[in-house]
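Here the structure is laid out as structure tokens; the discussion comes afterwards.
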Amino acid sequence: MSDVTTGSEWEVVVGLEVHVELRTATKLFCSCPNSFGDVPNTNVCPVCLGLPGSLPVLNSRAVEMAATVGLALNARVQPSRFHRKNYFYPDMPKDYQISQYDLPICAAGWLDLPDGHRVGVERAHLEEDTGKSTHLGGGGRLHGSDGSLVDYNRAGVPLVEVVSAPDIRSAEQARSYVAELRSILVATGVSDGRMEEGSLRVDANVSVRRRGGTLGTRCEIKNLNSLRSLGRAIEHDAARQVAVVESGRQVSQETRHWNEEGGHTVPLRSKEEAFDYRYFPEPDLVPVEPPGELLDRLASEMPPLPAERRRRLIDLASEGRQPSRAAEDQVATVVDLGLDDLVLGAASRGASTRLALARAANEAATDPSAARGLSVESFAKLVSMEDSGRLSATQAKAVLARMLGEGGSPEQIAASLGYEALDPSQLSAAVETVLATNGAEWQRFVDGDEKVAGFFVGQVMRVTGGKADGRAVRQVLAQRRLDSLAP
Amino acid sequence: MLQSMAERISVEQVAHVARLSRLRLTGEELERFASQMAAVLDHAADVASLDLEQVLPTSHPLPLVNVLRADQPGPTLSQQEVLAAAPEAVDGRFSVPSILAEAP
Ligand SMILES: [Zn+2]
């Protein structure tokens, strides 16, 4: 995808608000289960239903997770308090949402993108999620709805809202930021990172300006349920805003809804007073001040973050040389899917890092959850079998697919698939058979045409039913040529 | 500074707050609440006239922080109990009037 503003006098300026559902066992202010996909309105109690006389009590685990997010984003974790954000909307039965306003729990951090660009994180605060509305009837999901059905199982689920500075300059960077943030949230165990299920929801503040000029009016885009939507929506709305300004009009500050099917944004109708939230301090909750000992413990429990894990794998795979773009992509995939321990484990058992990386990034990545369940020993054994020529590349991939699908050791699977390695005499015999019927090609090879080797490998594969190892065939061919040239 | 608040609470402001709170007030009520709200603000102005140089701002009267609970699931209401308060329910959910804009 190329950005509309690439190479033009226009620059797009993006800030992102990412809402992260925390993977606690219970809600933020009550002991209802925090669980996705249950029977509607069964994880509900007087507190999250907003019944009179009920009182909220803060979940300690949610505080720890929010502080962990802050530490992972290089933010200051500080004394904070809660406010009520008042609005009449049926997704919150209390008619207010408990959020943090002037004193968020985390402030002034940053996130470094894989390309080295640093994005400021202005704040990350705790708040409760709203209930889930299903819009009925009418001509669309929002407009003209006849009514809505509300399930309060999600109302009160803990969220951390991570607010970036307007430091993002392209759709590509926006996707990269969310992908990196998601990796960090998954690595620290605070989120399952599932955008499709709404565990991670992104709003984008988008404006355009002439390069180096003053900031333009921004629009907030909602309903971005995937990295793809995020990128497309930013591209589209930046182009729309440029067209508005170039036609002599002004961009109006508004909230817009991304229409995925139509590939465009539409303004959301809203009543003019809807944004008067009348924030005031939540009288039923006392301030929360994460103590230094807690922060020390959380910092000591912090797992290696994706950037460090990528660096570790790149160092190992590149062996001191400049890593190739392909290797970097493989490393990014493997770390993103949480398969780096598998590769590192295989490497520490003597398997080829390069080959382990390739099998993890290409084949294992097709079923990441099964791949994360593979034993390091089995994966290392598979890679070593391919590396030694005991299995051809094609065979190794088939064995790995079976390991992912049904489990089992690579030796047993190879045997059950009939992947018995050819012994040297069988291999030589197969090579001789092929050479005997392809004299002209053989002569070209003897004369130094290395490209013909590939042809011979293919022929040997054919007569052996794919059991031969390509590298072993090349070795036999090279030896055979040496022999034929000997005096 | 706050002394002049009494004159500064307009009927329009009361009407705005009433609209936010989904209250339908008559013209006579708007007038009455405007003067009553002004009186409340006058009282705040009395407090502001004290010398509070040495008093830290506070959002809570209790000298407490970090009142927390363990992340342990507890009892919930049944769906039937939850929906008992719903004017109308469909498929186990609260049925509510149409919504024009997304939640903030
Ligand atoms: Zn509850």
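Go over the candidates A:Ala317, A:Ala307, A:Ala327 one by one and state the one that is within 19 Å of the chain's Cα centre (by Cα) and surrounded by 18 or more Cβ atoms within 10 Å (Cβ to Cβ).
A:Ala327
Taking the range A:221-253 as the search range and keeping residues that are of a type in the set (Val, Ile, Thr) and out of contact with any helix residue (DSSP H, G or I) (no Cβ under 9 Å at 6 or more places or on another chain), which one is nearest to A:Val20 (Cα to Cα)?
Per the stated criteria, the residue is A:Val242.
Can you name the condition, by its number, that A:Val178 falls short on among (1) in contact (Cβ under 8 Å) with a residue 24 or more places away in the chain; (2) away from chain B (no Cβ under 14 Å); (3) surrounded by 19 or more Cβ atoms within 10 Å (Cβ to Cβ); (4) not in a helix (DSSP H, G or I)?
Looking at each condition in turn, A:Val178 falls short on (4).
So if I check each of A:Gly231, A:Gly248, A:Gly156, A:Gly213, which one is away from the ligand (no atom under 16 Å from the Cβ), outside the structural domain of A:Asp340 (by TED's automatic domain parsing) and on the phi > 0 side of the Ramachandran plot?
Result of the check over A:Gly231, A:Gly248, A:Gly156, A:Gly213: A:Gly248.
Go through the range A:100-128 residue by residue and tally those that are surrounded by fewer than 22 Cβ atoms within 10 Å (Cβ to Cβ) and in contact with a His (Cβ under 6 Å, 6 or more places away or on another chain).
Total meeting the criteria: 1.
Would you confirm, using the coordinates I've provided, whether A:Gly345 is more than 13 Å from every other protein chain (Cβ to nearest Cβ) and surrounded by fewer than 17 Cβ atoms within 10 Å (Cβ to Cβ)?
So A:Gly345 does not fit the description; no.
Show the residue pairs meeting these rules: Cβ distance below 6 Å; 6+ apart or different chains; first residue within the range A:34-59 and at positive phi; second residue part of a loop (DSSP other than H, G, I, E, B) and away from the ligand (no atom under 11 Å from the Cβ).
Hits for this filter: A:Asn41/B:Gly92; A:Gly50/A:Lys94.
Filter the range A:442-469 for residues that are surrounded by 18 or more Cβ atoms within 10 Å (Cβ to Cβ), touching a residue at least 24 places away in the same chain (Cβ under 8 Å) and under 16 Å from A:Ala429 (Cα atoms) and give the result.
Correct list: A:Phe456, A:Gln459, A:Val460, A:Met461, A:Thr464, A:Lys467, A:Ala468, A:Asp469.
Of the conditions (1) at pLDDT 85 or above; (2) surrounded by 15 or more Cβ atoms within 10 Å (Cβ to Cβ); (3) more than 11 Å from chain A (Cβ to nearest Cβ), B:Thr26 satisfies every one except a single condition; which number is it?
(2)
Output the number of residues of the range B:46-63 satisfying the condition of being surrounded by 10 or more Cβ atoms within 10 Å (Cβ to Cβ) and within 30 Å of A:Ser80 (Cβ to Cβ).
Total meeting the criteria: 5.
Say whether the condition of being buried (at least 19 other Cβ atoms within 10 Å of the Cβ), in the same structural domain as A:Ser318 (by TED's automatic domain parsing), part of a helix (DSSP H, G or I) and without any contact (Cβ under 8 Å) to a residue 24 or more places away in the chain is met by at least one residue in the range A:391-400.
Within the range A:391-400, one or more residues are buried (at least 19 other Cβ atoms within 10 Å of the Cβ), in the same structural domain as A:Ser318 (by TED's automatic domain parsing), part of a helix (DSSP H, G or I) and without any contact (Cβ under 8 Å) to a residue 24 or more places away in the chain.
Step by step: first the residues of the range B:8-23, then only those that are within 14 Å of chain A (Cβ to nearest Cβ) and among the charged types (D, E, K, R), then the one that is nearest to A:Tyr89 (Cα to Cα). Which residue is that?
B:Arg22
Is it fair to say A:Ile98 is β-branched (Val, Ile, Thr) and closer than 30 Å to B:Val82 by Cβ?
yes
Among the residues of the range A:164-175, write down those that are surrounded by 24 or more Cβ atoms within 10 Å (Cβ to Cβ), in contact with an Asp or Glu (Cβ under 8 Å, 6 or more places away or on another chain) and either at pLDDT 95 or above or under 16 Å from A:Val20 (Cα atoms) (or both).
Scanning the range A:164-175 gives a single hit, A:Ser164.
Quick one: is A:Ala436 over 47 Å from the mean Cα position of the chain (by Cα), farther than 25 Å from A:Ala356 by Cβ and not assigned by TED's automatic domain parsing to the domain that holds A:Gly345?
So A:Ala436 fits the description; yes.
The values are calculated or read from the model by the stated rules, or taken from the named source; none is laboratory data. Small disclaimer: the values here were computed from a predicted structure and weren't measured. Note that we place each Cβ from the backbone using ideal geometry, even for glycine, and neighbour counts take in every protein chain shown.
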